[in-house]
């Protein structure tokens, strides 16, 4: 038995989930913003090089909710993490979730995810797709049911996940949401960076991973799915890719460009860590700067830096991200977020289109609420 199998076997496949009535088991809740109560002040670099400051605050009276499951970030050395928030969990919420709080009430449970150490052991053992549906799934399922029973009150809800979090939310939709009365409350599901991808029938927007929830093709559409994995235009998916692929020739990995759901290329509105970091440490960080001086805000947004469009090649379907760094570009440096070959811009899947995703949630929420008024 290899090291990964040994540690997995030593970890119980089933044990009581955390007590989600305890506020300490949540990274963020409306009455306890916790890790989401962060400074969202952003330096905006315009095309002409001018810098302005943009401010944003959580909206505790937002009309819909967002339920978020974070990606693989735990630095615990065990196979499954504990449920005590560390710097890694707090940082990923700051970069991936907090800005959605301008459009929705935020709910983010801690859960016993497979850790970075466990993923490393899986890779060493040649296990390409670790099973995310053990303790972590059981915890998120319990948190979801607690949320429905005690917090939802019939409100619309946006599901948001990335990577391991997307895998867990995908299964939650399949087992607990599709075909149930709760499905009518789903404003949308942002299922980003799914290992293997969210699959649909070739040439269609539904079938495959989900039986009933289609891909989003308009900003006014609700009850639908936004899904993509991002790669640089200069480093497209290869034979080793782990994202955006399908082993079934009748199915294809979904790509919905949040900046242009109907198709085509459009500007991506990215929000990045002002210090140059990503959701996970990626070697030395290089801070963003203006006129040779590091910016003074926690976040940076560079207008006109990124463009995105859905593409496919022989290996995968993906969101192609082009970095516009030629004449007239206000950026003093490139974006970070690349991983090994085959993994693309996985570390910044959400950051490259954060502004587009937040705006989309706002527009979908309005459509959802308008529809309710007509019923």
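The values are calculated or read from the model by the stated rules, or taken from the named source; none is laboratory data. Quick caveat, the model's predicted, so the values are computed rather than measured. FYI the Cβ positions are ideal-geometry reconstructions off the backbone, even for glycines, and counts take in every protein chain you see.
Taking residue 197, is it part of a loop (DSSP other than H, G, I, E, B), under 18 Å from the mean Cα position of the chain (by Cα) and in contact (Cβ under 8 Å) with a residue 40 or more places away in the chain? Taking the combined requirement at face value, the residue satisfies it. Residue under question is residue 198, and the condition is that it be out of contact with any helix residue (DSSP H, G or I) (no Cβ under 6 Å at 6 or more places or on another chain), farther than 20 Å from residue 111 by Cβ, buried (at least 24 other Cβ atoms within 10 Å of the Cβ) and modelled with pLDDT of 95 or more; does it hold? When the stated conditions are applied, residue 198 passes them. Residue 129 meets the conditions (1) more than 19 Å from the chain's Cα centre (by Cα); (2) at pLDDT below 95; (3) assigned to a loop (DSSP other than H, G, I, E, B) in every case but one. The failed one is (1).
Just need a number here: residues in the stretch 133-157 that are in contact with a strand residue (DSSP E or B) (Cβ under 6 Å, 6 or more places away or on another chain) and not in a helix (DSSP H, G or I). Residues in the stretch 133-157 being in contact with a strand residue (DSSP E or B) (Cβ under 6 Å, 6 or more places away or on another chain) and not in a helix (DSSP H, G or I): 3 in total.
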